[in-house]
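> Take this structure first; my questions come after.
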Amino acid sequence: MVYYSQSAISDLDLIFEGLLLWPKHNLEYNHVVTYHNELRKICDSLDTKTYHFDTKFDSHKKYGKKVYPYNRNKSTTWYIIYNVDLTSNTIYIQHITSNHITNSQKE
């Protein structure tokens with residue numbers, strides 16, 4: 001089972017809004033919906049993964065112990081940061097951020 005923190009839900013909302021209003025590329029609404037749904041689908045599938053990567057960036061560690069890097073394209077990776085209860089195979093998503101933000105915060 002996958003659960004989302006309020007912060008992760010807010011992250012998803014902000015990602016949707018950011019894509020929709022992105023000044024660099026004018027994305028069509030349907031494209032934004034598809035992009036957002038694909039990201040959500042990846043999040044919802046985390047409980048099916050057999051391996052969970054440890055967080056390595058300090059900016060990620062403050063949100064959770066595990067991270068799933070979703071490589072959307074050549075230039076964008078979404079980091080889904082979460083905690084996992086292996087006894088019940090439950091995922092608790094805490095934060096979703098991109099490499100664009102993470103790279104600007106590298107320690």
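Bear in mind these aren't lab numbers, they're just calculated from the coordinates by the rules spelled out. Fair warning: this is a prediction, and the values are worked out from it, not measured in the lab. As a convention, Cβ positions derive from the backbone with ideal geometry for all residues, glycine included, and neighbour counts pool all protein chains shown.
> What number comes out for the charge environment of residue 55, summing +1 per Lys or Arg and -1 per Asp or Glu over other residues with Cβ under 10 Å away? Mind showing how you got there, number by number?
On the way: positive: 56, 61, 62, 65, 66; negative: 54, 58.
Surrounding charge for residue 55 is +3.
> Which chymotrypsin sites (Phe, Trp or Tyr not before Pro) in the stretch 1-105 pass both tests, a DSSP loop state and at most 11 other beta-carbon atoms within 10 Å? Show your work: numbers first, answer last.
Working: sites: 3, 4, 16, 29, 35, 51, 53, 57, 63, 70, 78, 79, 82, 92; in loops: 51, 57, 63.
Of the chymotrypsin sites (Phe, Trp or Tyr not before Pro), the ones in loops of the stretch 1-105 whose Cβ has at most 11 other Cβ atoms within 10 Å are 51.
> Which residue, 83, 99, 42, has the largest displacement toward the positive end of the dipole of the chain when charges sit on each Cβ (Lys, Arg +1; Asp, Glu -1)?
99
> Do any GluC sites (Glu not before Pro) in the stretch 16-72 lie in a loop, going by DSSP, with at most 10 other beta-carbon atoms within 10 Å of their beta carbon, and if so which? Don't jump to the answer; show the numbers that get you there.
On the way: sites: 17, 28, 38; in loops: 28.
When the GluC sites (Glu not before Pro) of the stretch 16-72 are filtered for loop state and at most 10 Cβ neighbours within 10 Å, 28 remain.
> Which one of 29, 63, 14 is farthest out on the positive end of the charge dipole of the chain, using unit charges on Cβ (Lys, Arg +1; Asp, Glu -1) and the Cα centre as origin?
Working it through, the farthest residue towards the positive pole turns out to be 63.
> Oh, and also: Run the count for the chain, please: Lys pairs, Cα-Cα under 18 angstrom, 8 or more apart or on different chains.
Lysine pairs meeting both conditions in the chain amount to 12.
> Taking the Cα centre as origin and putting +1 on Lys and Arg beta-carbons and -1 on Asp and Glu beta-carbons, what dipole magnitude results for the chain, to the nearest 20 debye?
Working: 12 positive and 11 negative charges, 71 e Å.
Computed about the Cα centre, the dipole is about 340 debye.
> Using modelled backbone amide H atoms (1.01 Å from N, in-plane), which distant-in-sequence or interchain residues come within less than 5 Å of residue 77's amide H?
Amide H neighbours of residue 77: 72, 99, 100.
> Still on this structure: What distance in nm separates the two pseudo spin-label positions at residue 25 and residue 3, each 7 Å out from Cα along the beta-carbon direction?
Using points 7 Å along Cα→Cβ, the separation is 3.5 nm.
> Oh, and also: When the label point is put 7 Å from the Cα of residue 90 along its Cα-to-beta-carbon vector, which residues of the stretch 1-30 have a backbone N closer than 13 Å?
The answer is 1-5, whose backbone nitrogens lie closer than 13 Å to the label point.
> Could you point to the label whose value was computed as Kirkwood radius over Cα pairs in Å for the structure here, given [x] 22.7; [y] 14.3; [z] 15.7?
[y]
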